[in-house]
Every structure is written in structure tokens, then in C-alpha cells.
Amino acid sequence: MHLLVINSGSSSIKFSIFGTRVRTGRGEAVALPASLFEGEVSGIGSGSAGFKFRDAAGKDLSGGVSSVKAENSVEAIGRVVDAVSREGMPQVDAVGYRVVHPGAKLDRHVRITDAVMRDLEEAAVFAPLHDPAAIEIIRETIERFPEAKHYAVFDTVFHETMPDEATAYAIPEGFRERGVRRYGFHGLSCESIVRQVLDAAERGEMKFPRRMVIAHLGSGCSVTALVKGRSVDTTMGLTPTGGVVMGTRPGDLDPGLVLYLLREMKGDREAAFAAVERLLNHDSGMVGLSGLPNDMRKVRAAAGGGDARAVLAVEVFTRSVKKAVGGFVALMGGLDALIFSGGIGEHDAQSRAEITDGLAGIGISIDSALNVAPGSGLRRISASESDTVIFVVPSQEDLMIATHVDRMSRAGL
């Protein structure tokens, strides 16, 4: 069976085709998807979107095309479908879509029906940066692959194990009944990391940590507390805007500040809300602090050159993550493993060093040499005297989407 995975963001679409094979493990035969082809359309709406397409061995399949016209998500998914439908490509049997927010009615990964589409449209109010584009992509892809099964896989499902005291906001009950609560995000990333750690433990390479913190740090950032591999708390809330400081999003804010921003915006009510929404989703975070593009490498370079705004942006970012880690250590009564993932978490050794600096008092110490050493896959970077083991683990969201789609399809869902 061949699975098409669509992992769409606000301005990009990553896509993969997986084939399934069977592996014997954990006492049973397990269908394990393997990536055969991967690609991306980036910079959607920029006038000239980037395009990449290659097979699992890294062979370029773009035909020399590095840019395409993709002014919106419909045009972008059209380029994806054209690429995966060309002669010689395997037939697509099922399609899995990463959907950021399921809304109040969906609490598990599902096969897409008309009723599910209506639920997703209702949920778009919670994730206006991501869900509307995902809905357009789903509709267009269903039209292009009418014989395939189509599934929605949510970033929030992993966090359904959080207790009520972690998900409830201190607001009147009527709003909570309408689904206003902490959902948590980056769940597919967290789930993929837990699986990699569990696999390493089963191979005898390590002991599975009872208390973990996963710091998924990229353009979007979140920190999640886990006990026995299950989410018990996380920094993102009702939407992916809250939590720690991110590339273009501010993280947690005083609610009074949001009211202040609304009062200060010009125009009618609708214009004011749109302006604040854009400010909080696109113009805040490290971009707002530094005045630089959403790229940690450029912010680091500017900070190294003495740019005061860039220095402040880095310090605010690392401080917010450090506070989240420390808070979860207190919540769980200790910490057995701290895991860094995401673009920054995996590749920015300086951020990892700054976040863990000063945490030796609570048993967290990084090994400077291991931290900067090149590597791939799951790798340890903690000092020998550290009570908490520190790992860098790559996020495998697309693999998790394929795994869930394969499971549901085989179950006849």
C-alpha cells in the first residue's frame, strides 16, 4: 500500500509517499511505513514558490524545476499532485493530512467524511493561521484522488492524556463547554520522539525515562511534560500562539495586553481583530523583538555582531524555554530526560547550551563537547555527572502521520 502524506503549514506544503512493510517487534508483526519520495512547496504566495522533489536515496526528481507558481494553497497542492501522479510513480491508496486543530468535537484521528469536514470548518476559528488552508488542500486533493481513502491526523490527539487541571482555563464554564481549553500541539512530533526513545530502550541502549520534557523548538515552539511516555502538560494552549516565545508568535501574554492592542488598532471592529491577529501570528516573537527575518541563524549572527535587539530576542527566547523546563521539573518532582527537537532544538547547539545553563542545581548539565559534535538520529549530549539525561532527537511527524493512516486503513476505517 502507498500513502501520500500532506504536512501543510501557513506558507508551505511538505509531502511524502510512504510504502508499508512488516516488521516483527514488541511481540507482534507491525506494519512500518517507509518513506519512498519526499518534497516541498515553500514560500506559497510569495510570487515564486520554491519546489523540491526527491526519492529516498536523495535523487532529484524535480526535473530541474526549483520554483513554481503557487499563489495560494490550491495552486500549491496542484503542484504536489502533479508531481506524485507523474508516470512511474506508485498509485496513491490513501492520503493523510496533518491538521493542526480539531476543534471541540474531534478527539482522535479520523477518516474524512462530509461530517468531519463540517467539524473542521467549525474548528478553523481556533487556528485561522493553519486550518483554513488545510481544508482547501483536503478538498482539492479529494477531488484529484477520488478513489483513495482520506484521513485527518491531528497535532492535538497526543495531548488528550492531560488531566483536567492541565487543560482547564480559569474562565466561566459556558466557554469551556464550547471547547475553550488547552489542547496542546506538536503532538505528532512528541509521539515520534517517544517511539524513538522506546525503540532505543528495547534495543538495550538506554532505560526508558519515566519523566521526560520534550522541547520542540523551531519556527513554532512548545515544551511538553510526559510521565511514562504520556503527555501530562504542555505550554501551547487553545491555539499554537501561546506558550514559549517563537519565531513570529509571542507565546503567553497578559490578556490585558491583547485588549490594549485591540483598543489601539485603527478601523472598525473587524479590521482591528484582523490587525491584532496578524500581529500576534506573523509580526511578534523573535521577529518582533529583533526586527530580523524568522531565521535563528540570522538572529544569532546579528547578536554575535553586537546587535542589541538580536541579543534581547535570543535572551527572551531562551529564558522562556528555561522557565518552562524548570516549571515542569517542579510539576513532576524531578526529571529523567530532557529532549531537544525541531529545527532549533536539533541544530542550534548554542540555544541548547543557553537553555540548560544554570540548571545544574536541579540536576541538568550539558556536555559542551557532545553538544557541538555533529551527529544524526537520537544522540546523548548530557554531562556524565548530570542526573537528567539530555538527548537530541529528530522529529518524524510525517512518519507518524503515515503510521496512523496505515493503521486506520488496515482496520477498515
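The values are calculated or read from the model by the stated rules, or taken from the named source; none is laboratory data. These numbers were taken from a predicted model, which means no experiment stands behind them. Note that we place each Cβ from the backbone using ideal geometry, even for glycine, and neighbour counts take in every protein chain shown.
Residues checked against (1) part of a loop (DSSP other than H, G, I, E, B); (2) under 28 Å from the mean Cα position of the chain (by Cα):
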position: V232; (1), (2): no, yes
position: T239; (1), (2): yes, yes
position: V244; (1), (2): yes, yes
position: L257; (1), (2): no, yes
position: R263; (1), (2): no, no
position: A271; (1), (2): no, no
position: V276; (1), (2): no, yes
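Return a yes/no flag: does region 7-28 have any residue that is at pLDDT below 95, under 19 Å from the mean Cα position of the chain (by Cα) and basic (K, R).
yes
Of all helices (runs of 4 or more DSSP H) completely enclosed by region 103-202, which ones contain at least 1 residues that are within 27 Å of G345 (Cα to Cα), assigned by TED's automatic domain parsing to the domain that holds G229 and under 18 Å from the mean Cα position of the chain (by Cα)?
Answer list for region 103-202: 187-202.
Given the condition closer than 22 Å to M400 by Cα and touching a Gly at 6+ places or on another chain (Cβ under 9 Å), answer yes or no: does some residue in region 55-78 qualify?
Within region 55-78, the first condition is being closer than 22 Å to M400 by Cα, and the residues that meet it are 55-58, 77.
Subsequent filtering for residues that are touching a Gly at 6+ places or on another chain (Cβ under 9 Å) retains none.
No, every residue in region 55-78 fails to be closer than 22 Å to M400 by Cα and touching a Gly at 6+ places or on another chain (Cβ under 9 Å).
Being under 19 Å from P394 (Cβ atoms) and touching a strand residue (DSSP E or B) at 6+ places or on another chain (Cβ under 7 Å) is the filter here, so list the residues in region 334-350 that pass it. Quick ask: steps written out before the conclusion?
To start, the set of residues in region 334-350 that are under 19 Å from P394 (Cβ atoms) comprises 337-350.
If the condition is that a residue be under 19 Å from P394 (Cβ atoms) and touching a strand residue (DSSP E or B) at 6+ places or on another chain (Cβ under 7 Å), then A337, L338, I339, F340, S341, G342, I344, G345, E346 are the ones that fit.
Please go through region 351-368 and give me each residue that is of a type in the set (A, V, I, L, M), touching a strand residue (DSSP E or B) at 6+ places or on another chain (Cβ under 8 Å) and surrounded by fewer than 20 Cβ atoms within 10 Å (Cβ to Cβ), ordered by number.
As a first pass, look at region 351-368 and keep what is of a type in the set (A, V, I, L, M): 353, 355, 359-360, 362, 364, 366.
Narrowing further to those that are touching a strand residue (DSSP E or B) at 6+ places or on another chain (Cβ under 8 Å): 353, 355, 364, 366.
Matches in region 351-368: A353 only.
For region 311-364, which positions are within 18 Å of the chain's Cα centre (by Cα), closer than 17 Å to M212 by Cβ and charged (D, E, K, R)?
If the condition is that a residue be within 18 Å of the chain's Cα centre (by Cα), closer than 17 Å to M212 by Cβ and charged (D, E, K, R), then E346 is the only one that fits.
Of the residues R379, R410, which is surrounded by fewer than 23 Cβ atoms within 10 Å (Cβ to Cβ) and under 19 Å from V92 (Cβ atoms)?
Working: R379 fails: under 19 Å from V92 (Cβ atoms).
Sole residue among the options that is surrounded by fewer than 23 Cβ atoms within 10 Å (Cβ to Cβ) and under 19 Å from V92 (Cβ atoms): R410.
Specify which of the listed residues (A310, A225, A302, A271) is out of contact with any helix residue (DSSP H, G or I) (no Cβ under 6 Å at 6 or more places or on another chain), of a type outside the set (S, T, Y) and not assigned by TED's automatic domain parsing to the domain that holds D107.
Among A310, A225, A302, A271, only A271 is out of contact with any helix residue (DSSP H, G or I) (no Cβ under 6 Å at 6 or more places or on another chain), of a type outside the set (S, T, Y) and not assigned by TED's automatic domain parsing to the domain that holds D107.
Of the residues that make up region 246-253, is at least one in contact with a helix residue (DSSP H, G or I) (Cβ under 6 Å, 6 or more places away or on another chain), farther than 28 Å from I344 by Cα and either outside any helix (DSSP H, G or I) or aliphatic (A, V, I, L, M) (or both)?
No - not one qualifying residue is present in region 246-253.
Residues are listed down the side, and each one gets a yes or a no for (1) farther than 13 Å from S11 by Cβ; (2) out of contact with any Lys or Arg (no Cβ under 9 Å at 6 or more places or on another chain); (3) assigned by TED's automatic domain parsing to the domain that holds E140:
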{"residue": "L32", "(1), (2), (3)": "yes, no, yes"}
{"residue": "E40", "(1), (2), (3)": "no, no, yes"}
{"residue": "G47", "(1), (2), (3)": "no, no, yes"}
{"residue": "G50", "(1), (2), (3)": "no, yes, yes"}
{"residue": "D55", "(1), (2), (3)": "yes, yes, yes"}
{"residue": "D60", "(1), (2), (3)": "yes, no, yes"}
{"residue": "G64", "(1), (2), (3)": "yes, yes, yes"}
{"residue": "S67", "(1), (2), (3)": "yes, yes, yes"}
{"residue": "A70", "(1), (2), (3)": "no, no, yes"}
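Of everything in region 40-49 that's on the phi < 0 side of the Ramachandran plot and under 21 Å from the mean Cα position of the chain (by Cα), which residue is surrounded by the fewest Cβ atoms within 10 Å (Cβ to Cβ)? Give the steps one after another, and end with the answer.
Going through region 40-49, the residues on the phi < 0 side of the Ramachandran plot turn out to be 40-42, 44, 46, 48-49.
Narrowing the set further to residues that are under 21 Å from the mean Cα position of the chain (by Cα) leaves 40-42, 44.
Numbers: E40: 20, V41: 27, S42: 17, I44: 23.
Here the answer is S42.
Using the structure shown, decide if G326 is loosely packed, with under 15 Cβ neighbours inside 10 Å, farther than 21 Å from N281 by Cβ and either at pLDDT 95 or above or not acidic (D, E) (or both). Walk me through it before giving the result.
Details: loosely packed, with under 15 Cβ neighbours inside 10 Å: no; farther than 21 Å from N281 by Cβ: yes; either at pLDDT 95 or above or not acidic (D, E) (or both): yes.
Taking the combined requirement at face value, the residue does not satisfy it.
With L331, L292 as the choices, which residue is in contact (Cβ under 8 Å) with a residue 12 or more places away in the chain, outside any helix (DSSP H, G or I) and outside the structural domain of L129 (by TED's automatic domain parsing)?
Values: L331 fails: outside any helix (DSSP H, G or I).
Answer to the selection: L292.
Go through region 340-378 residue by residue and tally those that are among the acidic types (D, E), more than 25 Å from N294 (Cα to Cα) and in contact (Cβ under 8 Å) with a residue 24 or more places away in the chain.
Kept after step one, since they are among the acidic types (D, E), are these residues of region 340-378: 346, 348, 354, 357, 367.
Restricting the remaining residues to those that are more than 25 Å from N294 (Cα to Cα) gives 367.
Still in the list and also in contact (Cβ under 8 Å) with a residue 24 or more places away in the chain: none.
So the answer is 0.
Taking region 140-197 only, how many residues are loosely packed, with under 15 Cβ neighbours inside 10 Å and over 20 Å from D119 (Cα atoms)?
11
Being over 30 Å from Q91 (Cβ atoms) and of a type in the set (D, E) is the filter here; which residues of region 133-182 pass it?
At the first step, the residues of region 133-182 found to be over 30 Å from Q91 (Cβ atoms) are 156, 158-182.
Across region 133-182, the qualifying residues are E160, D164, E165, E173, E177.
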